[in-house]
1. Can you give the accessible area of A:D162, probe radius 1.4 Å, in Å² rounded to 10?
2. Among A:W393, A:A30, A:I280, whose Cα sits farthest toward the positive end of the charge dipole of chain A (+1 at Cβ of Lys/Arg, -1 at Cβ of Asp/Glu, about the Cα centre)?
3. Working from Cα positions, state the angle (0 to 90°, nearest 10) between the long axis of helix B:223-237 and the longest principal axis of chain B.
4. Given a 1.4 Å probe and the protein chains all in place, what does the accessible area of B:L455 round to, in Å² to the nearest 10?
5. Would you be so kind as to identify which of B:F196, B:V490, B:A88 lies farthest towards the positive end of the dipole of chain B, taking Lys and Arg as +1 and Asp and Glu as -1 on Cβ and the Cα centre as origin?
6. State the answer as a single residue: which of A:A150, A:G101, B:N239 lies farthest towards the positive end of the charge dipole of the protein assembly as shown, with beta carbon charges of +1 for Lys and Arg and -1 for Asp and Glu, about the Cα centre.
7. Taking the DSSP beta bridges in the protein assembly as shown as the whole, what percent of them are antiparallel, to the nearest 5?
8. Can you name the residue in chain B whose Cβ lies closest to the B-to-A rotation axis, and give that gap in whole Å?
2 protein chains.
Amino acid sequence: MKTDLTRFLPILKWGQEYNRSALSNDLVAALIVTIMLIPQSLAYALLAGLPPEAGLYASIAPILLYAIFGTSRSLAVGPVAVVSLMTAAALSHIVEQGTMGYAVAALSLAALSGLILLGMGLFRLGFVANFLSHPVISGFITASGIIIAASQIKHILGVNADGHNLLELVISLGQHLSETNWITAIIGILATGFLFWVRKGLKPVLQKMGLSSGITGVLVKTGPVAVVVVTTLAVWGFNLADKGVKIVGEVPQSLPPLTLPSFSPDLLGQLLLPAFLISIIGFVESISVAQTLAAKRRQRIDPDQELIGLGAANIGASLTGGFPVTGGFSRSVVNFDAGAETPAAGAFTAVGLAIAALALTPLIYFLPKATLAATIIVAVLSLVDFSILKRSWNYSKADFSAVLTTILVTLGLGVEAGVSAGVGLSILLHLYRSSKPHIAEVGQVPGTEHYRNILRHDVLTDSSIVTLRVDESLYFANARYLEDKIQNRVADDKNVRHVILQCSAINEIDLSALESLEAINERLKAMDVTLHLSEVKGPVMDRLKAQSFLKEMSGEVFLSQFEAEQKLKAAQH
Amino acid sequence: MKTDLTRFLPILKWGQEYNRSALSNDLVAALIVTIMLIPQSLAYALLAGLPPEAGLYASIAPILLYAIFGTSRSLAVGPVAVVSLMTAAALSHIVEQGTMGYAVAALSLAALSGLILLGMGLFRLGFVANFLSHPVISGFITASGIIIAASQIKHILGVNADGHNLLELVISLGQHLSETNWITAIIGILATGFLFWVRKGLKPVLQKMGLSSGITGVLVKTGPVAVVVVTTLAVWGFNLADKGVKIVGEVPQSLPPLTLPSFSPDLLGQLLLPAFLISIIGFVESISVAQTLAAKRRQRIDPDQELIGLGAANIGASLTGGFPVTGGFSRSVVNFDAGAETPAAGAFTAVGLAIAALALTPLIYFLPKATLAATIIVAVLSLVDFSILKRSWNYSKADFSAVLTTILVTLGLGVEAGVSAGVGLSILLHLYRSSKPHIAEVGQVPGTEHYRNILRHDVLTDSSIVTLRVDESLYFANARYLEDKIQNRVADDKNVRHVILQCSAINEIDLSALESLEAINERLKAMDVTLHLSEVKGPVMDRLKAQSFLKEMSGEVFLSQFEAEQKLKAAQH
């Protein structure tokens, strides 16, 4: 009973071992993460099309709930760039930004996504996420990064522009370019430039000063805080808000409110697909961060329990004025590097953010939106990486076409279409490839008992015996291909008396394939040719033995290919 | 050049070798097939919801076109039961039966289906049909047979009833049962009974009389002709049409008319999915008959060219007043058994049917519809075979659930939903299974160089070395599963220093799997564990060698698993 409980409540396990040293490490990490998260949370709320405080709220309850249910010791859960973009894309099809309905729909999206994650965790359906292949994710994140960066340019320039794919954004920006507010643009461009410099220029300087790479990383990640402070002071000092610089303005001083998502069937119907995609993408992003960090300390991650943790976090977000969340890469790495030992660090971060939401919001009244846009642009451009195109091109054209499709469809039609197209195409390509398996005709390597491809090696063959090796499990998609292949091989060569299928690479034979083997056997019989099998694997043999096929088969099952050919040759003489 | 032409026009090949003996054999076969086809064609037109002459027209041009483009020497192309049912199901959603628009829509459906088949042939997309697994087809044909039989009961009873799935049909029949025309019912029941007796009772009698099984089969297949003659004479002689027995009535005396299908975008949009399903189902039915018959004479079938032949046949049907056609099982077997040697037999059959359409239609004026319904019922009930349920249950639960789903959805929701559900489910199950491949931890069988599953065999292991054998190609759907498996195995056991992946069953590694291997390598490094590979296949190794992974991998690639363990053990001491 107790082991069951710790599986579903990992907090019971690490909570028992908690001690003073872990406490102080966790407190330090929490302080650093809190400082870093304040501007990031505000920025991602902006990206999701929500008021800035929603970003803070979405970081508090979710972190606490993940600390209770999640299995990673270092993952920090909250709003992340790609999921925020997907939230904006999903909602603005349905409700207008800035309305009350929009915020409620965001709650519903988080609730739905939470329920989907929870359901997948309870029914152990985590494998569904595996169908999002690495190349598709890489392409998707790169394209999303470009769209996010493009969507923030309007804030940098202080103009209005809209769109959910690159083309719409570029056209809309072009139409409004003449309305640029130059003071906003100067703030935005300087902030962006400074943040890029912090990443590229400051890091080497700090490292030369002898700071460890962990601390350097943490300092660099707090760069946005400096920009926030400086630009807020500038706007306040020079009254720039009066000159058209858009600012964050009034933010309620409050703990996260209790909220109730709408469950109108109409709304849920429209949000179901986006919620599913957000869940899958968020889960994949989160679990790969969690696995990478866990490996560094030889810890275990349970993917199904992770689904439950993320599901609880999203349901929490939906009940406390938030929006969809997941485990973020940069915040988790900062948390880890700053020395967090247990999920308690996350709980302390939540407390820090709650204090910020309650007490510090008046300080960001004059914070320019251009600054937040700058932090987003710099954060997401580090995700943009076209090298996957070159890499997949070199490795396999199938992978390349999946990546290219994902990138082009995401840029051209938006995030939901992009990820669906990528997943769909990679499944189709996989099915296509496995439907035309590699089938080699093999012969004996002289002086050995090995059999190799007659096209690649100098091998011995017998004109009356054809041996085919199928390099794939046999199932419905390739069963008929094998039928065609054998029939045509034998119909073209009147000398053939025996066909041997070397089954060393066949891990499974499904019922379709069994029926194809039966058809092959019957047809070969009609042509007066005998069918044999060799090197059938144990589990496959177990299944075949329970069927009548082996009795009806005209030939025999041989343990090894060598034995098969020896016996058949001997019988001929 | 010439070989290219004979590929696309198989007639050029057999046409050159044509001689007098083949001619006389083909003429005899054509006569028998023509006699058998007359009632069958009329009946399937009725099933498709079209006037009876459409069945004759659909058997003439298509047979001729298939003779030119098809690769099977014995296949007879024309209306078949399942495709006729699917035609009725597709059209009656859109147009009312009996209207002019219905007949035009049938032409459009045939044209669309022809273009799809032709396109698939030209682009060599025949493999798409492979995704229709044998169990799904068996289930689908069984369920279709039941629906077809149920849909004909109204003609047997002489009542009106409608519906596209079993439930609708049964309810509708129940509502109209009181309107039964008893004379019609007597004719219908007697005809059905007689035809069943011909199949079950007459065959043994004929065989006892010493007739060959081929000739017996042909005689049995002409049973419907006898019923047609007798019941037509009865209706005419006793004036039964005046007593409410529904008859075929006036049928135009004409060669197939030239017709033009409608290409209104609206109609084509609605017909696209049904046309696709009809094409695939028709192709699969046709090719398995063709393969079976070809094997008996050691002949070749080219699936892509078959698509072209069937495509041409359907386009022909659409231009000559027909409806979708394909290679039929019973007519092809009769053709083969009657001694047809070349597709010229088909051409002669077309001539015979043309004469029938031109001259014999007045003779069927008094043919009762109940007789046609009886021939359909007896023909399709022979397709109904529930043994696939038992067989798949014994063989694999995945196959069983695909069959059961296909049968239930076809019966409950109709043919299109049924076949889609079956195909969808079998693809999902396949993806699910391959996403959780069998991964065995292996150890050395004492005294040998073999390595087997530690759970199944008494084997030697070393506490610092873990060897895992993956029994599946590595691709995106199972790459992360392997990551989890390895990480959890190693995180749980602090003694582990080496992980060896035995790759003997891995036929392919895609880019996702390569990136997973890289992640596994990095994570194992972080845990101070070395990753090795053994028994990597040639083509897989070629690909890996072109990448940086093997250089970054912490361990080595060993030719054999035995060598790997020997060397690692030696290095420890």
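1. Counting only protein heavy atoms, A:D162 exposes about 110 Å² to solvent.
2. The Cα lying farthest towards the positive end belongs to A:A30.
3. Compared with the principal axis, the helix lies near 30 degrees.
4. We get 150 Å² for B:L455.
5. Toward the positive end, the furthest listed residue is B:F196.
6. Ranked along the dipole, the leading option is A:A150.
7. Numbers: 21 of 47 bridges.
Around 45 percent antiparallel, to the nearest 5.
8. Residue of B nearest the axis onto A, distance in Å: B:A505, 3.
The values are calculated or read from the model by the stated rules, or taken from the named source; none is laboratory data. Just so it is clear, the structure is predicted and the values come from calculations on it, not from any experiment. Don't worry about glycine lacking a Cβ; one is built from the backbone with ideal geometry, like all the others, and counts go over all protein chains shown. What goes into the accessible areas is simple: the full protein's heavy atoms, side chains included, and nothing from ligands, DNA or RNA. Shrake-Rupley method; radii C 1.70, N 1.55, O 1.52, S 1.80 Å.
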